[in-house]
Amino acid sequence: MLNNKILRVLCLLCMVACLISLVGCNQPNTNTDVSAFSYAEHAKTFKDDSPGVKHSGFVNTNEFEISSAEDALAHAKKECTIAWDTSHVSFDNELSVWMVSFYTEGTLGGDQCVYLDSNGKTLLIVYGE
């Protein structure tokens, strides 16, 4: 009888260990290596309200200091409306603007870029085709 209880506990522990390892498999690939970009160039390209370009109606309208790639990613997630498994963070040092790109690895199009100022306010969102 004692052996049955021990066996049940071991089986339960094995199942918990398997579940924990599976949960880790579904975590998005969040790349917080920061590359440079020019917000002025991007804003010039996406200045009108063409399809896939959003200039208003944002979630991030209150000030929140963005001082790192991790902060930018966490704040940009509030604006993300697509399914994604990978992200990348870029920064415009001249204008202090962050760009966080969300996409599915290996898939063309279907991405979303969220542009935030250093005060955490969303400036622009661009959806890829």
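The values are calculated or read from the model by the stated rules, or taken from the named source; none is laboratory data. On a predicted model such as this, the values are computed, not experimentally measured, just so you know. With ideal geometry, Cβ positions are generated from the backbone for all residues, glycine too; neighbour counts draw on all protein chains shown. Keep in mind that these areas ignore ligands, DNA and RNA; they rest on the heavy atoms of the full protein, side chains included. Shrake-Rupley method; radii C 1.70, N 1.55, O 1.52, S 1.80 Å.
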Worksheet item: In the stretch 33-43, which residue that is part of a helix (DSSP H, G or I) and either under 21 Å from the mean Cα position of the chain (by Cα) or aliphatic (A, V, I, L, M) (or both) is surrounded by the fewest Cβ atoms within 10 Å (Cβ to Cβ)?
Response: Ala40
Discussion item. Under 8 Å between Cβ atoms, which residue pairs at least 6 apart in sequence (or on different chains) link something in the stretch 51-63 that is farther than 15 Å from Asp117 by Cβ with a partner that is in a loop (DSSP other than H, G, I, E, B) and open to solvent by less than 70 Å² (accessible area, probe 1.4 Å)?
Written reply: Gly52/Gly128; Val53/Phe46
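Every residue in the stretch 81-91 that is of a type outside the set (Phe, Trp, Tyr) and either assigned to a strand (DSSP E or B) or in contact with a His (Cβ under 9 Å, 6 or more places away or on another chain) (or both), please. Even if it seems obvious, please write down each step before you answer.
Here is the first cut: in the stretch 81-91, the ones of a type outside the set (Phe, Trp, Tyr) are 81-83, 85-90.
Once the filter is applied, which keeps residues that are of a type outside the set (Phe, Trp, Tyr) and either assigned to a strand (DSSP E or B) or in contact with a His (Cβ under 9 Å, 6 or more places away or on another chain) (or both), the stretch 81-91 yields Thr86, Ser87, His88, Val89, Ser90.
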Practice prompt. Among what's in the stretch 44-73 and is charged (D, E, K, R) and within 15 Å of Lys121 (Cβ to Cβ), pick the residue that is nearest to the chain's Cα centre (by Cα).
Written response: Asp71
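If you take the residues in the stretch 92-129 that are in a loop (DSSP other than H, G, I, E, B) and small (Gly, Ala, Ser), which one is nearest to Ser50 (Cα to Cα)?
The first filter runs over the stretch 92-129 and keeps only residues in a loop (DSSP other than H, G, I, E, B), leaving 93-96, 104-111, 118-121, 128-129.
Still in the running and small (Gly, Ala, Ser): 96, 106, 109-110, 118, 120, 128.
Details: Ser96: 25, Gly106: 26, Gly109: 16, Gly110: 16, Ser118: 26, Gly120: 24, Gly128: 12 Å.
Step by step, filter the stretch 92-129, then rank; the result is Gly128.
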Worksheet item: For the subset of the stretch 91-116 comprising residues that are of a type in the set (Gly, Ala, Ser) and more than 15 Å from Phe46 (Cβ to Cβ), which member is nearest to the chain's Cα centre (by Cα)?
Response: Gly110
